[in-house]
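Notes follow the structure.
The values are calculated or read from the model by the stated rules, or taken from the named source; none is laboratory data. Given the structure is predicted, the values throughout are model-derived calculations rather than measurements. Here Cβ is always computed from backbone atoms with ideal geometry, including for glycine, and neighbour counts include all displayed protein chains. Just the protein is used for accessible areas: all its heavy atoms, side chains included, with ligands, DNA and RNA removed. Shrake-Rupley method; radii C 1.70, N 1.55, O 1.52, S 1.80 Å.
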Amino acid sequence: MLLPIYLYGSPVLQKVAEDITPDYPDFKQLLADLWETMRHADGVGLAAPQVGKSIRLFVADAELLAEDYPDGKGFKKTFINAHIVEEGGDEWEYNEGCLSVPKIHEDVRRTKRVRVQYLDENFAPHDEWFEGICARIIQHEYDHLEGKTFVDKLSPLRRQLLKSKLTKISSGKVSTKYRTKQ
Ligand code: NI
């Protein structure tokens, strides 16, 4: 089922999300809905807070970017209770967008590598390093679990320049091909 995506400014996008246990109600359905909603919106990642659930869950699929970023080939994963424990490598800029912040794309600096402890869709634990475009998607989605968006990473000047667009988004005045919510 397609779920509405909460827009920038929604309180749920500003909360630190909670870990979950395998008995989380209707988890399988929620996970399937998250994948379906992300694909329908042509996203490369979607975090549970973006569909109104303040839990530490996100999905990522770099396939749409694999042509430009071959290191993303085959990167398709579910992350439950993700915690970034280390970041490394040089910082690099990438032009990020977000389904909760439609029609805004901005260069964001982040480290090249990231080490994440997480559970997969079967609640099996993993402790892995990711890099390049995969790390980038994880870092972006991870911010959603921490109650942040890429807008928080921009300079005060950039944010000021985007202010009227952001105000429109947070009052729902933006058209998207997917359903949105405040
Ligand atoms: Ni996002």
Sorted peptide list for 44-51, 134-141, 27-34, criterion being average Cβ within 10 angstrom, highest first: 44-51, 134-141, 27-34
Protection-proxy order for peptides 146-153, 105-112, each taking the mean of Cβ atoms within 10 Å per residue, highest first: 146-153, 105-112
For the stretch 5-181: relative contact order, % (alpha-carbon pairs under 8 angstrom, 6 or more apart): 26 percent
Per residue solvent-accessible surface (Å²) - the stretch 30-155, probe of 1.4 Å: 42 Å²
Karplus-derived HN-Hα couplings along the stretch 109-117 (A = 6.51, B = -1.76, C = 1.60, θ = phi - 60°), whole Hz, x at Gly and Pro: 9, 8, 6, 6, 10, 8, 10, 10, 9
Taking the C-alpha atoms of the chain, convex hull volume expressed per residue in Å³: 111 Å³
Subset of K28/K168; K112/K165; K76/K177; K53/K153; K112/K168; K77/K168 violating a 31 Å alpha-carbon distance limit: K28/K168; K112/K168; K77/K168
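At a 1.4 Å probe, what is the % contribution of carbon and sulfur to the accessible area of the stretch 5-181?
Values: 4310 of 8990 Å².
Carbon plus sulfur share of accessible area: 48 percent.
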